[in-house]
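All remarks here apply to the structure that follows.
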Amino acid sequence: MAVRTASAIPVAARVGGFVYAIRNIVAEARKVEASGRRVRYLNIGDPITFGFKTPPHMIEAVERAMRAGENGYAPSVGIAAAREAVAAESAGRGMPVSPDRVVITSGTSEGIELALTAVAGPGDDVLIPVPTYPLYTAVLAKIGARAVFYRTDPSRGWLPDVEHIQSLVSPATRALVVIDPNNPTGASYAAEVRQALVDLADEHNLLLLADEVYADLAFDGPVPALAALNPDAPVISFSSLSKAYLAPGWRAGWMAVGGTGRLDDVLGGIKKLADGRLCSTGPMEHAIVAALTGDRSHQTSFRHALAERADITHARLNTIPGISSVRPTAAFYAMPKVDLPPGVTDEAYVLALLRETGVLCVYGSGFGTSPADGFFRVVFLAPPRELSEIYDLIAGFTGDFLSRRNH
Ligand SMILES: Cc1ncc(COP(=O)(O)O)c(C=O)c1O
């Protein structure tokens with residue numbers, strides 16, 4: 001007999017572990033906006049919302065595909081031309097793979113989820129950096145594997161602490177996540193650290209997930225594939241059109257699975273999982289071909305614009321009493337630290353900043369740092385003049401906040 005009750009349908013326990021501060025905090029911003037204050041959204045790394053434009057030849061490729069009737073399901077691993085383009089791109093970055101080892105995905109995000117789902121489950125550990133891009137903790141919560149955090153060190157330009165990673169490896173460790181260049185810190189890693197990371201994965205037989213979505217956005221020029229440093233290591237490289245090709249809404253990404261036979265089963269597992277979600281967005285797969293084989297002059301001007309904004313960010317944040325910030329060398333993020341008085345959290349600081357100035361950043365604990373450490377992430381995509389206004393607001397607010405809290 002059916003039970004009639006007015007109680008809510010219960011939500012699965014795993015949802016509780018799925019936290020994504022970058023978007024969660026927007027609910028608070030909407031309230032501030034409703035009160036009539038202008039909000040400056042520095043929470044999401046989306047260049048389009050700050051006026052950067054998707055290259056026209058990519059838009060034309062999508063339009064051409066749609067008009068030519070390419071609107072059906074694509075193969076679950078992606079269309080052949082896109083897989084070939086990614087394989088050629090990967091070879092050009094020092095990681096030769098055959099097109100058969102490429103899977104086209106709905107953004108880097110889906111690639112990461114497919115790969116983690118294929119290798120880890122309950123009882124397994126995955127090593128991820130702190131601070132981390134929160135998708136990693138969110139996916140691990142979903143699949144029931146444990147996130148084991150390794151340190152990255154702000155006093156050394158946010159480089160990973162390789163000894164700490166070594167000390168965390170156990171028989172339960174399945175994978176090591178490396179985000180280089182990094183979100184949220186804006187760091188790009190030194191050659192010797194990159195070599196140590198890939199060698200460690202090789203020695204311990206760990207899958208290395210190389211999140212290389214910002215590889216073309218290091219201010220000094222594109223970063224080669226991490227896998228290039230050790231062709232025997234079990235590495236999967238992930239990237240997409242979202243950042244360096246200015247098309248985040250298209251959800252067009254890819255993964256290149258390293259050539260070692262050690263990854264054959266994982267590749268098979270990923271393809272099996274990919275079958276279940278049918279395919280990534282079909283017309284956008286044509287834009288992957290256009291992007292990777294066509295003109296990329298936009299990247300030069302984009303890198304230049306980012307470097308200029310990074311300089312402003314670094315200079316302005318470090319002149320605010322109580323704030324220190326490491327100079328970003330890639331992408332569009334900085335991770336400053338505010339010296340908070342005891343008992344005050346990074347979230348309290350960021351929420352007060354939002355309510356009093358309309359400037360929306362994300363608190364460091366949303367990326368896994370300790371709430372007392374006072375880190376917060378700034379997205380510095382806004383035009384230089386607006387950035388300057390934003391740093392004026394942060395400076396004025398921080399002075400007041402710290403003097404109120406310290407007395
Ligand atoms: C480090 C990192 N990985 C992955 C992603 C997700 O990218 P995509 O849009 O390709 O899914 C982001 C987006 O901000 C990111 O910063």
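Values as computed for the structure displayed
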item: Sites Thr49 and Glu163 - FRET efficiency at Förster radius 35 Å, r taken between beta-carbons, to 0.05; result: 0.30
item: Euclidean distance of C-alpha centroids, segment 68-123 and segment 325-346, integer Å; result: 34
item: The chain: calculated mean residue ellipticity at 222 nm from DSSP helix runs of at least 4, using -39500 (n - 2.57); result: -12500 deg cm²/dmol
item: Whole-number D in µm²/s for the chain (Stokes-Einstein; Kirkwood sum over Cα pairs; 37 °C, 0.692 mPa s); result: 148
item: Arg64-Arg404 pseudo-label distance in nm [points 7 Å out on the Cα-to-Cβ vector]; result: 5.7
item: Phi-based couplings in Hz for segment 50-57 (Karplus 6.51, -1.76, 1.60; Gly and Pro marked x); result: 9, x, 6, 10, 5, x, x, 5
item: Placed amide H near Tyr150: partners under 5 Å, 5+ positions off or other chain; result: Ile128, Val130
item: Computed over segment 23-147, Cα set: Rg, Dmax in Å; result: 19.4, 55
item: Under Karplus coefficients 6.51, -1.76 and 1.60, residue-wise ³J(HN,Hα) of segment 352-357 in Hz, glycine/proline x; result: 5, 4, 4, 5, 8, 10
item: Estimated FRET transfer efficiency when R0 is 30 angstrom, pair Val11-Ala172 (beta carbons, to 0.05); result: 0.60
item: In sequence order, calculated HN-Hα J values of segment 249-263 (Karplus, 6.51, -1.76, 1.60; Hz; x Gly/Pro); result: x, 6, 6, 10, x, 7, 9, 10, 9, x, x, 4, x, 4, 9
item: Ranked Leu135, Leu176, criterion: other C-beta atoms within 10 Å, fewest first; result: Leu135, Leu176
item: Relative exposure of Val139, Val39, judged by other C-beta atoms within 10 Å (fewest first); result: Val39, Val139
item: Size of segment 299-368 as Cα extents on the principal axes (Å, biggest first); result: 44, 25, 20
item: Relative contact order %, the chain, counting alpha carbon pairs below 8 Å whose residues are six or more apart; result: 22
item: Approximate shape of segment 69-215 as ellipsoid semi-axes (Cα gyration tensor, √5λ), whole Å, largest first; result: 27, 19, 14
item: Under-5 Å amide H pairs with Gly358, H placed in peptide plane, nonlocal only; result: none
item: Most mobile of Phe397, Phe219, Phe375 in a GNM of the chain (Cα contacts under 10 Å); result: Phe397
item: Principal-axis tilt of helix 282-293 within the chain, Cα atoms, nearest 10 degrees; result: 90
item: Centre separation in Å (Cα based) which lies between segment 217-264 and segment 128-191; result: 17
item: Residue exposure sequence - Phe332, Phe401 - by fewest surrounding Cβ within 10 Å; result: Phe401, Phe332
item: Trypsin sites (Lys or Arg not before Pro) within segment 18-92, DSSP loop, no more than 15 other Cβ atoms inside 10 Å; result: Arg37, Arg38, Lys53
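Since every read-out is calculated from the coordinates, none of them should be taken as a lab result. What you are looking at is a predicted structure, and each value in this text was computed from that prediction instead of being measured. Positions of Cβ are backbone-derived with ideal geometry, glycine not excepted, and every protein chain shown enters the neighbour counts.
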